[in-house]
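Student: Supplied in structure tokens, the structure appears directly below.
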Amino acid sequence: MKQKTIYNLKYFATVFTVAILFISCQDNYKRVGEEAVKPVFPQGIAQNFTLTYTETVDEMNTEDESDSRVIAVLSSPVTEDFDNQDFKYRTFPEGLKVDFYDEKNQKSVITADYGIVYSQTNLIDLQGNVIIESHDGKKLETPQLFYDRANNWIFTEETFTYTNPQDGTIMDGEGMDFNRDFTFFNAHKTYGLMTLKEE
């Protein structure tokens with residue numbers, strides 16, 4: 001009986017020691033790289049997404065009726081809404097198309113393979129085969145383009161090809177900024193061949 005008690009005490013002591021070791025162990029491993037990235041999930045996903053932006057000439061009250069005009073129509077196969085994050089944004093992982101309309105209702109079109117709209121900064125980041133085609137046939141092609149909605153200003157630091165059929169020119173360059181109507185255009189660096197239309 002005495003030996004059985006000693007055996008039980010040894011067994012209890014072993015279990016107690018192992019339990020203390022497990023309880024006192026802490027995970028001090030510092031995670032880096034992919035292990036450190038917390039998963040981020042959208043709060044909503046919309047398919048066959050279309051958003052129409054309109055504006056009115058005069059400020060409206062709640063009961064006023066006024067004609068509004070369409071200034072842009074954004075469409076995409078899929079959009080993901082990350083407004084549940086501290087820095088809110090919306091992505092267009094399968095590409096997007098934006099139709100812009102000027103005061104004369106003339107349409108210009110922007111397309112891209114991928115897009116991010118940052119709600120808090122009014123900045124749009126377009127990536128992959130970005131093409132802008134203006135209503136008068138001017139065309140800009142670049143791998144990445146930023147659009148500042150607050151200032152109606154467009155810019156890139158990437159390479160670009162700009163085609164102007166009005167004067168028959170094709171310009172290659174790197175880095176540029178311009179307004180939405182292409183009435184002001186500033187190319188940072190141009191290179192390659194410039195094709196001029198003969199009279």
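The values are calculated or read from the model by the stated rules, or taken from the named source; none is laboratory data. As the structure is a prediction and not an experimental result, all values here were calculated from the model. All Cβ positions, even for glycine, are placed from backbone atoms using ideal geometry, and neighbour counts span all protein chains on display. What goes into the accessible areas is simple: the full protein's heavy atoms, side chains included, and nothing from ligands, DNA or RNA. Shrake-Rupley method; radii C 1.70, N 1.55, O 1.52, S 1.80 Å.
Student: Filter the range 47-81 for residues that are part of a loop (DSSP other than H, G, I, E, B) and among the charged types (D, E, K, R); which is modelled with the highest pLDDT?
Tutor: Once the filter is applied, the top-ranked residue is Asp67.
Student: Please go through the range 162-174 and pick out each residue that is open to solvent by 60 Å² or more (accessible area, probe 1.4 Å) and farther than 20 Å from His188 by Cα.
Tutor: Pro165, Gln166, Asp167
Student: Here's something else I'd like to know. Can you tell me how many residues in the range 82-110 are surrounded by fewer than 18 Cβ atoms within 10 Å (Cβ to Cβ) and not in a loop (DSSP other than H, G, I, E, B)?
Tutor: So the count comes out to 5.
Student: Every residue in the range 121-161 that is open to solvent by 20 Å² or more (accessible area, probe 1.4 Å), more than 17 Å from the chain's Cα centre (by Cα) and in contact (Cβ under 8 Å) with a residue 12 or more places away in the chain, please.
Tutor: Glu133, His135, Asp136, Gly137, Lys138, Lys139, Glu141, Thr159, Thr161
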